[in-house]
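What follows is calculated from the coordinates using simple rules that are stated; it is not laboratory data. The shown structure was predicted, so the numbers you read here are calculated from the model rather than taken from an experiment. Ideal geometry is used to build each Cβ from the backbone, glycine not excepted, and the neighbour counts take in all protein chains shown.
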Amino acid sequence: MQQVQAVVARAKGAPVELATINVPNPGPGEAVVKVQACGVCHTDLHYREGGINDDFPFLLGHEAAGVIESVGPGVTTVAPGDFVVLNWRAVCGDCRACDRGEPWYCFATHNATQKMTLADGPDAGTELTPALGIGAFAEKTLVAAGQCTKVDQSARPAAVGLLGCGVMAGLGAAINTGAVTRGKSVAVIGCGGVGAAAVAGSALAGASPIIAVDIDSKKLETAKKMGATHTIDSSQTDPVEEIKRICAQTYRGADGADVVVEAVGRPETWKQAFYARDLAGTVVLVGVPTLEMKVPDLPLIDVFGRGGALKSSWYGDCLPSRDFPMLVDLYQQGRLNLDAFVTEEIGISDVEAAFEKMHHGDVLRSVVVL
Ligand code: APR
Ligand code: ZN
Ligand code: ZN
């Protein structure tokens with residue numbers, strides 16, 4: 001057991017606080033990671049606002065890279081000193097989805113079994129719920145060894161840690177779920193951190209055109225830097241008509257994009273994605289809707305008439321052991337600009353301020369560096 005500083009959300013809606021926590025020594029199948037960097041994701045804010053569950057207090061942070069400090073009995077995949085990116089879907093390897101060779105659908109994922117606890121104050125000893133089973137706004141955290149993927153140790157932690165959540169979700173939505181390849185046309189609706197990563201992934205795959213859509217002109221500028229060939233401000237122009245026009249210019253007879261990635265999570269953008277795809281094109285939904293949202297009322301003949309596929313992408317359908325080392329290598333080779341997602345490096349006591357900045361839209365990612 002050791003004590004470290006960490007960012008804790010004690011109660012619904014209350015600002016997060018720095019607290020001292022107890023981190024147990026790793027048990028069987030577990031590892032303690034010395035965290036070097038952890039991005040601030042919308043999901044951390046959802047936890048704090050009580051939008052995920054009521055298991056307060058939460059230990060926030062889940063988009064992280066660090067160095068393995070110690071491992072428990074039976075751990076063979078990582079060793080002390082390894083530089084790792086953490087993932088929140090350590091698959092079981094033994095369920096229907098895993099057997100079928102699609103582990104990204106595994107719903108028997110596992111986390112560390114021992115609990116980290118608050119170390120001081122009136123509620124000392126209370127068990128913490130780590131965000132997405134990670135809890136990496138902390139000097140050290142306890143995770144399952146399967147949540148750690150070893151990558152090139154010379155890579156910048158603040159950049160590659162982002163592969164642990166939002167950037168992987170967007171890149172994977174394009175490359176894994178949408179099967180974007182060279183010669184395909186792609187439209188990305190919503191170019192925040194996730195959508196910008198979908199643009200970057202499409203550029204990496206050699207897609208063309210890559211059409212970025214957003215209502216915020218700053219996001220469109222960023223998308224251009226990530227490889228967008230065209231941008232559409234959908235607060236000014238009907239994006240469906242414009243996507244169809246651009247695609248028809250490039251590919252004779254095209255009636256939309258081969259792949260449309262929806263990275264907002266709203267019914268109106270869902271509908272735009274649905275109609276902006278070419279006949280037999282693919283819609284990939286990566287933006288997360290709220291519980292109340294409904295599929296817009298559409299003529300069934302439009303669903304029948306366009307064919308194609310409507311897919312959702314969860315964590316970019318990634319396989320961390322396959323995708324993280326590959327994407328880190330592409331970053332190291334200068335082919336994937338992960339640095340462009342790091343708007344600012346902040347300290348561990350600045351997480352609350354980073355939540356505030358999320359509302360202004362100037363930040364792709366604030367990253368806590370330890
Ligand atoms: N049309 C187009 N773009 C929109 C619209 C709209 N009607 N409404 C919002 N946007 C844009 C915003 O301007 C912003 O650039 O969508 C983007 C959302 O980006 P962020 O808030 O930074 O969120 P991000 O981290 O990218 O996540 C997007 O994916 O994984 C999910 O939970 C996540 O639902 C969220 C989505
Ligand atoms: Zn499984
Ligand atoms: Zn996240």
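The Rg/Rh ratio for region 1-91 is 0.99, where Rg is the radius of gyration of the alpha carbons and Rh is the Kirkwood radius. Remark: relative contact order (the chain) = 17 percent; criterion is Cα-Cα distance under 8 angstrom and separation of 6 or more residues.
Extents of the chain, taken as max minus min of Cα coordinates on every principal axis and listed largest first, are 65, 40, 38 Å.
Neighbour counts of C-beta atoms inside 10 Å place 88, 314 in the sequence 314, 88, starting with the fewest. As a rough guide to protection, the peptides 167-175, 5-13 ranked by mean Cβ packing within 10 Å, highest first, stand as 167-175, 5-13.
Each other residue within a Cβ distance under 15 Å of residue 121 adds +1 if Lys or Arg and -1 if Asp or Glu, for a net charge of -3. Across region 145-294, the relative contact order, built from alpha-carbon pairs under 8 Å that are at least six residues apart, equals 21 percent. Residue exposure proxy: 241, 345, 30, ordered by other Cβ atoms within 10 angstrom of their Cβ from fewest to most, comes out as 241, 345, 30.
Of the peptides 23-29, 190-196, 363-369, the ranking by mean beta-carbon count within 10 Å, highest at the top, reads 190-196, 363-369, 23-29. Our estimate of slack between residue 356 and residue 126, defined as 0.36 nm per intervening residue step minus the Cα-Cα distance, is 80.0 nm.
Give me the number: length gained by fully extending residue 105 to residue 182, i.e. 0.36 nm times residue separation minus the C-alpha to C-alpha distance, one decimal in nm. Length gained between residue 105 and residue 182: 25.1 nm. For residue 34, a cut-off of 14 angstrom between C-alpha atoms picks up these aspartates and glutamates, skipping any fewer than 8 places away in its own chain: 63, 69, 82, 139.
One chain, two ends: residue 311 and residue 153. Fully extended at 0.36 nm per residue, the span grows by 53.4 nm beyond their Cα-Cα distance.
Would you mind ranking 230, 359, 46 so that the residue whose beta carbon has the fewest other beta carbons within 10 Å leads the list?
359, 46, 230
Using the Cβ atoms and a cut-off under 9 Å, what net charge is assigned to the surroundings of residue 363, where Lys and Arg are +1 and Asp and Glu are -1? Present the calculation step by step, with values, prior to reporting the outcome.
Values: positive: 357, 365; negative: 344, 362.
Spelling it out: positives minus negatives among the neighbours equals 0.
Cα centroid separation, region 109-147 to region 148-194: 26 Å.
Using the alpha-carbon positions of region 238-370, Rg (one decimal) and Dmax (whole number) come out as 18.7, 55 Å.
Taking Cα atoms only, the orientation of helix 239-250 departs from the longest principal axis of the chain by about 70 degrees. For region 1-65 and region 229-260, compute the distance between their C-alpha centroids and round to whole Å. So the separation of the two Cα centres works out to 42 Å. Kindly express, to the nearest 10 degrees and within the range 0 to 90, the angle between helix 320-332's C-alpha long axis and the longest C-alpha principal axis of the chain. Approximately 80 degrees, to the nearest ten. In degrees, nearest 10, range 0 to 90: what is the angle between the Cα axis of helix 267-276 and the longest Cα principal axis of the chain? With both axes taken from Cα atoms, the answer is about 50 degrees. Counting Lys and Arg as +1 and Asp and Glu as -1 over every other residue whose Cβ lies under 15 Å from the Cβ of residue 270, the net charge comes to +1. Cα-based radius of gyration for region 189-287, normalised by 2.2 N^0.38 Å, reads 0.94.
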